[in-house]
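J.: One structure coming up, written as C-alpha cells, with questions to follow.
The values are calculated or read from the model by the stated rules, or taken from the named source; none is laboratory data. Everything quoted here is computed from the prediction, not taken from an experiment. Here Cβ is always computed from backbone atoms with ideal geometry, including for glycine, and neighbour counts include all displayed protein chains. Heavy atoms of the whole protein, side chains included, go into the accessibility calculation; ligands, DNA and RNA do not. Shrake-Rupley method; radii C 1.70, N 1.55, O 1.52, S 1.80 Å.
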Amino acid sequence: MKTLNILAFAAAVILFTIGCAKKDTPQGDESGSESWKIGMSQCNLGEPWRVQMNADIKAAADEAAKIEVVFKDAQNDTLKQQAQMEEFISAGVDLIIISPKEAAPLTPVVSQACNQGIPVIVLDRRILGDNYTCFIGADNRKIGKAAGEWIVNKLDGQGNIVELKGLMTSTPGQDRHAGFREGINGSEINVIFEADMKWLEPNARKEMESALARFEDIDLVYAHNDPGAHGAYLAAKAAGRANEIMFVGIDGLPQEGQAYVKQGILSASFEYPTGGEEAIKTALKILNGKKVDKEITLDSRFFTPANIDKGGRELEAN
Amino acid sequence: MTKDLTKSSAHFLHSPTTRALGALIVVIVLGLIFNADGAFLKWGTHRDMLRAVSVYGILACGMTIVIIAGGIDLSVGSVLALTAVLFSLISIHWQWGAALAIVLCLIAGACCGALSGFFIGKFKVQAFIATLAMMVFARGVAKWLSGGQKVSTAVQQPDGSYEYGEIPEIFNFINAKILGGNIAVVTVILLGCILISWILLKKLRQGRYIYAIGGNEEAARLSGVPVKSMKILAFGMSGLFSAAAGICQASQEFQGDPEAGISYELSAIAMVVIGGTTLQGGRGSIWLTLIGILTIGYLEKILSINAVGEDKRLMLTGIIIIAAVLLQKNK
C-alpha cells in the first residue's frame with residue numbers, strides 16, 4: 001500500500017511537470033494546415049551562449065508566422081543527440097536545425113535525414129562530409145586574430161599580456177588561441193603568463209591571482225571568453241591593480257560581455273554570433289523552395305566603450 | 001620508562017593529525033622549492049589561496065559531518081548552484097534586502113539537505129542514492145529558477161532588451177578583504193563554518209550521536225540514539241553549509257550561475273579524505289579536514305603560480321591524493 005502511495009505521488013509529480021512543460025512549446029498557427037514544423041537539436045544548454053542561441057531561434061521563429069520549433073536538449077551526450085535526430089526524422093518534421101556536439105558520430109544521422117528528404121541546417125559546429133543542406137557558423141580563428149590585431153593597435157605594438165585560455169581540448173579554445181597568436185605575430189607583445197581556465201570564471205580569477213603574484217607589470221589580459229575576462233578583472237580589482245590593466249574577452253553576449261563593456265570593466269568584447277536568427281531566415285528560404293548557399297559564415301562585431309551604445313562595430317573582413 | 005617513551009612517540013607518529021600534517025608539509029616544501037620567482041613567499045599568495053579554497057572548504061565542513069555519520073553527500077555542488085541563483089534573484093532582481101536573502105537561502109539549503117536526510121533516515125535509502133537524486137533535482141531547480149542563464153545585474157526586459165542594474169552592497173561586502181586587506185571575508189566565513197562544525201561534533205550531545213551512528217548504527221539505535229533525526233541534522237548541516245558556500249560563490253562572481261559547483265562535491269570529499277576522516281564513518285574530525293583543505297589549496301596554488309599545464313596538474317593532483325591517503329593507512 002505504502003509503495004502504491006509513493007508510486008502514485010511520483011506519477012502525479014511527473015504528470016504535473018510534463019503538463020507545465022507542454023505549455024512552453026509554441027503552438028502552431030490557428031490556421032494550422034500550412035504551418036511548418038522545425039526540429040532544433042541543441043547539444044547542450046549548459047552554456048549561456050547556447051541558451052542565447054535557442055532564444056534567438058525562438059524570437060526569429062515567433063516573428064515569422066507559420067513556424068513551430070520543437071527544441072530538444074542533448075545535455076552534452078552524443079548518443080542522446082543521435083536519438084533526438086531519429087525522433088525528428090520519424091516524427092516527419094519539415095526541417096531540422098542541429099548544433100552538433102561532435103562531428104563524426106552525428107554525421108550518419110544527418111545524412112539519414114537528408115536522404116529522407118528532410119533539409120538539415122548545421123549550426124556552429126561542423127559535421128563530416130557534405131551531406132547536409134547548409135552550414136552556418138562564425139569563425140573563431142578570425143575572431144581571435146581580430147582580437148590580437150586590435151590589442152597590438154591598442155598597446156602600440158608592445159606590452160606584457162596574460163592569456164587565459166578556454167578549454168584547450170575544445171576547438172573554440174584552440175582557434176581563439178591560434179588566431180590570437182597570429183594577430184600579435186611580429187609585434188613586441190609578450191605573453192608572460194598563460195593558463196587554461198576551462199571557460200569558467202572562478203578558475204580565471206584563481207589563475208589571474210597567480211599571474212598578479214608573479215608579475216609586477218601586466219598591461220592587458222586576453223581571455224577566451226567574457227566570464228574569464230571578468231574573473232581576471234575581479235582578481236586585479238581585489239589586488240588594487242584593475243586600473244593599470246586592460247581586459248579583453250570574447251562572445252559579446254548582451255548580459256555578459258556587452259554589460260561588462262558598458263560598465264567599463266572590459267576594454268573590448270568580440271562577438272561570437274549564435275546564428276539563431278540566420279538559421280530561421282535560411283530555413284524559411286529552404287522551405288519556400290529557394291536556393292541557399294552551402295556555407296554561411298556569420299559576420300561578427302566587436303564592442304568597446306566608444307561604440308557600445310551604437311550596437312558595436314563590424315569586424316573588417318580580411 | 002623507555003618503553004613508554006617509544007610508545008608515546010610511536011603514538012604521536014601514528015596519530016591521524018601527524019600523518020595528515022605530513023602531506024601538507026610535503027606540499028608546502030614543494031612550494032618553497034618551486035616558488036615561482038618568489039611569488040610563493042609573498043603573503044598575498046597565501047591570502048589568495050585561502051580565498052580560492054574557501055568555497056570548497058565550506059562544502060568540506062558539511063561533508064565531514066555527513067561522512068562521520070556514515071554517509072556521503074553528492075548534492076553539495078548542486079545545492080550551491082541553487083542557492084547562488086536564489087541569492088542573486090532575491091537580492092539583485094527582486095531587491096528584498098541582504099538579510100532576508102541570506103536567511104532564505106540558508107533555509108532553502110538546509111531544507112534540501114534535511115530532505116535527503118529524511119529519505120535516508122526514514123526510508124533507509126542509501127545516502128549515495130538519496131543525495132544523487134538531490135544533486136540532479138537541485139540542479140534542475142537552479143536551471144528552472146534562472147531560465148538557464150546566469151542571474152546577474154543585466155536584467156532582461158519583456159521586449160528582449162537588457163537593463164543593467166546596480167550590484168547590491170552585500171556582494172561587495174562578502175567579496176571584500178578585511179583586517180587591512182589581509183584576509184578575505186569568505187575565508188572568515190570558512191573559519192566560522194569550521195568553528196560551528198567543531199562545536200557540533202565535539203561539544204554537543206548531538207555530535208556524540210553522529211559519531212555513534214557512523215560507528216555502528218544498530219548499536220547506536222539500541223542504546224537510544226535518535227538515529228533518524230540525527231541523520232536529518234547531519235545532512236541538514238551539509239545543506240546549510242552548501243547554501244553558505246553558494247552565497248559566497250555568487251558574491252565572488254557578482255552573479256548566480258546555475259552551472260556553478262559542478263564536481264565540487266568531489267573536491268570536498270577529497271579534502272575530507274586527505275585529512276584522514278575515513279569513508280567508513282564514526283571516525284575523523286573537522287581539524288583533519290582543515291589540514292585537507294590547506295593541502296589541496298596549496299597544491300592548486302603552487303601548480304597555478306608555476307603555470308603548470310592542465311594535463312600535468314591533473315596527473316599531479318591524482319598522485320598527491322593517493323599518496324596522502326596511503327600515508328593515512330593504518331599499518
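J.: I'd like the residue in the stretch B:175-186 that is in contact (Cβ under 8 Å) with a residue 12 or more places away in the chain and in contact with a strand residue (DSSP E or B) (Cβ under 9 Å, 6 or more places away or on another chain) and, out of all such residues, is nearest to residue A:50 (Cα to Cα).
T.: The qualifying residue nearest to residue A:50 (Cα to Cα) is B:175.
J.: Please tell me if residue B:267 is open to solvent by 10 Å² or more (accessible area, probe 1.4 Å) and at positive phi.
T.: Judged against the criteria, residue B:267 is not a match.
J.: How many residues are touching an Asp or Glu at 6+ places or on another chain (Cβ under 9 Å) and open to solvent by less than 10 Å² (accessible area, probe 1.4 Å) when one looks only at the stretch A:212-224?
T.: 5
J.: With respect to residue A:197, determine if the residue is without any contact (Cβ under 8 Å) to a residue 60 or more places away in the chain and open to solvent by less than 10 Å² (accessible area, probe 1.4 Å). Please lay out each step first, then the result.
T.: On the way: without any contact (Cβ under 8 Å) to a residue 60 or more places away in the chain: yes; open to solvent by less than 10 Å² (accessible area, probe 1.4 Å): yes.
Spelling it out, residue A:197 is indeed without any contact (Cβ under 8 Å) to a residue 60 or more places away in the chain and open to solvent by less than 10 Å² (accessible area, probe 1.4 Å).
J.: Follow-up. Check whether at least one residue in the stretch B:214-232 is under 30 Å from residue B:49 (Cβ atoms) and surrounded by 20 or more Cβ atoms within 10 Å (Cβ to Cβ), and report yes or no. Reasoning before the result, please.
T.: Residues of the stretch B:214-232 under 30 Å from residue B:49 (Cβ atoms): none.
No, because not a single residue in the stretch B:214-232 is under 30 Å from residue B:49 (Cβ atoms) and surrounded by 20 or more Cβ atoms within 10 Å (Cβ to Cβ).
J.: What's the number of the only condition in (1) at positive phi; (2) more than 10 Å from chain A (Cβ to nearest Cβ) that residue B:261 fails to meet?
T.: That leaves (2) as the condition not met.
J.: Let me ask something additional. Report, by residue number, each residue of the stretch A:257-294 that is open to solvent by less than 10 Å² (accessible area, probe 1.4 Å), farther than 29 Å from residue A:131 by Cα and within 14 Å of chain B (Cβ to nearest Cβ).
T.: Correct list: A:257, A:259, A:261, A:266, A:269.
J.: Now for a separate question. What are the residues in the stretch A:182-207 that are within 23 Å of residue B:151 (Cβ to Cβ) and aliphatic (A, V, I, L, M), if any?
T.: A:197, A:200, A:204
J.: Filter the stretch A:171-213 for residues that are of a type in the set (Asp, Glu) and within 14 Å of chain B (Cβ to nearest Cβ) and give the result.
T.: A:194, A:196, A:201, A:207, A:209
J.: Give B:21, B:100, B:104, B:41 a once-over and let me know the one that is within 12 Å of chain A (Cβ to nearest Cβ) and open to solvent by 40 Å² or more (accessible area, probe 1.4 Å).
T.: On the way: B:21 fails: within 12 Å of chain A (Cβ to nearest Cβ); B:100 fails: within 12 Å of chain A (Cβ to nearest Cβ); B:104 fails: within 12 Å of chain A (Cβ to nearest Cβ).
Selected residue: B:41, the only one of B:21, B:100, B:104, B:41 that is within 12 Å of chain A (Cβ to nearest Cβ) and open to solvent by 40 Å² or more (accessible area, probe 1.4 Å).
J.: OK, next. Looking only at strands (runs of 3 or more DSSP E) that lie completely in the stretch A:185-287, which have at least 3 residues being more than 30 Å from residue A:98 (Cβ to Cβ)?
T.: A:188-196, A:220-223, A:246-251
J.: Also, quick follow-up: If you take the residues in the stretch B:152-174 that are touching a strand residue (DSSP E or B) at 6+ places or on another chain (Cβ under 8 Å) and facing chain A (nearest Cβ under 8 Å), which one is surrounded by the most Cβ atoms within 10 Å (Cβ to Cβ)?
T.: Out of the qualifying residues, it is B:152.
J.: Could you give every pair whose Cβ atoms fall below 7 Å, whose first residue belongs to the stretch A:250-278 and is under 12 Å from residue A:228 (Cα atoms) and aromatic (Phe, Trp, Tyr), and whose second residue is assigned to a loop (DSSP other than H, G, I, E, B) and open to solvent by less than 10 Å² (accessible area, probe 1.4 Å), counting only separations of at least 6 or pairs across chains?
T.: As it stands, the answer is A:260/A:266, since those pairs meet every condition given.
J.: Sticking with this one: Looking at (1) farther than 24 Å from residue A:54 by Cα; (2) surrounded by 20 or more Cβ atoms within 10 Å (Cβ to Cβ); (3) at pLDDT below 95, which is the only condition residue A:186 fails?
T.: Every condition holds for residue A:186 apart from (2).
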